[in-house]
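All remarks here apply to the structure that follows.
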Amino acid sequence: MVEEPRTDVLPRLLSGDYDEHFSEIAFIPGGKIYQLAQDRFGTLVDVVVKETPFGCSSPILFMEEESRRFYVLPRHGETGCTVSAPFVNYRANVWALKDLGVRRIVAWSGPGALSERFGIGDFVLPVDLIDLTRHRPTTFFESRGIGLLRQRPVFCPSLADALRGILEELAAGPVEAVVYAVCEGPRFETPAEVRVLQSMGADVVGMTLAPEAFLARELEMCYHPVAYVTAYAEGVSEIGEEERREALEEALERLPEFTSRFLEALPADPHACSCEDAM
């Protein structure tokens, strides 16, 4: 028996007849990017909530920018941060994108910096993850003898090349490759926990990339995150709130141009990597 969709997760606009072959590219934003996506990333064509074996997905925006089409799936809700990171239905979201024909995902995240060498608003490319989450479903293969996937490389190398080139054009200075620690949340880390993360070799800490990245790999999808530093972790550095907000807003203003350039620069052949043969 299929449960009826929960009314509280449905978007304002829900199409009854949508194009399941709309695009092969999706962006998964978090934080303030969800509203920016609707206002500045292109034309909103449709919005769909997909039912999956794992429940309802977040609202999926069908977007057009000139002749290019792509999806935007706001992790935390269509109109605001209505679901915090520990309670996002990552399995439903990734499954829904796969069901729509998505092959490549760019995931945005706004972590905190574990070092003063990063400035607020700096763009960084995660190259590895430390998964410290505890209570999230992490696989599509529960109670089954499969899903034993290698995690090197952790993210799609083909997408990494495209992303790095674009970010270096848009950002001031080279884009650093970082290790991203994923904590459970929704609370932030204590100063003692921050020191532990630093000793583990993490550069930034956030709440959203796991299990999202691992689930995309299980479904053999190209996946790569882009992170922008939103704050300093506890005990690392102090910055005034107004100064922090201004630096962050300046960084976010670059994202629409980034999206356009990425869609232009995206390699035509997704088989330049091994992601589609991960299993």
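The values are calculated or read from the model by the stated rules, or taken from the named source; none is laboratory data. None of the values given here were measured: they were computed from a predicted structure. When we count neighbours, we look across all protein chains shown, and the Cβ atoms used for this are built from the backbone with ideal geometry, even at glycine. The area values use the complete protein model at the heavy-atom level, side chains included, leaving out ligands, DNA and RNA. Shrake-Rupley method; radii C 1.70, N 1.55, O 1.52, S 1.80 Å.
Residue 235 passes every criterion in (1) within 22 Å of the chain's Cα centre (by Cα); (2) in contact (Cβ under 8 Å) with a residue 24 or more places away in the chain apart from (1).
So which residues in region 117-156 are over 17 Å from the mean Cα position of the chain (by Cα), of a type in the set (D, E, K, R) and more than 18 Å from residue 232 (Cα to Cα)? The answer is 134, 142, 144, 150, 152.
Of the residues making up region 17-41, not one is modelled with pLDDT under 90, more than 26 Å from residue 229 (Cβ to Cβ) and surrounded by 17 or more Cβ atoms within 10 Å (Cβ to Cβ). Of the strands (runs of 3 or more DSSP E) that lie entirely inside region 51-149, not one contains 3 or more residues that are open to solvent by 20 Å² or more (accessible area, probe 1.4 Å), at pLDDT 90 or above and of a type in the set (Ser, Thr, Tyr).
Filtered by the rule that a residue be outside any loop (DSSP other than H, G, I, E, B) and of a type in the set (Val, Ile, Thr), region 205-217 gives a lone residue, 205. Scanning region 264-279 for residues that are out of contact with any Ser or Thr (no Cβ under 6 Å at 6 or more places or on another chain) and surrounded by 19 or more Cβ atoms within 10 Å (Cβ to Cβ), we see that the one that is farthest from residue 156 (Cα to Cα) is 266. Only one entry in 250, 220 is open to solvent by 10 Å² or more (accessible area, probe 1.4 Å), touching a helix residue (DSSP H, G or I) at 6+ places or on another chain (Cβ under 6 Å) and either outside any loop (DSSP other than H, G, I, E, B) or under 30 Å from residue 153 (Cβ atoms) (or both), namely 220. Condition (residue is of a type in the set (Lys, Arg), under 26 Å from residue 273 (Cβ atoms) and free of Cβ contacts under 8 Å to residues at least 40 places away in the same chain) applied to region 98-109: is it met by at least one residue? So far as region 98-109 goes, no, none of its residues is of a type in the set (Lys, Arg), under 26 Å from residue 273 (Cβ atoms) and free of Cβ contacts under 8 Å to residues at least 40 places away in the same chain.
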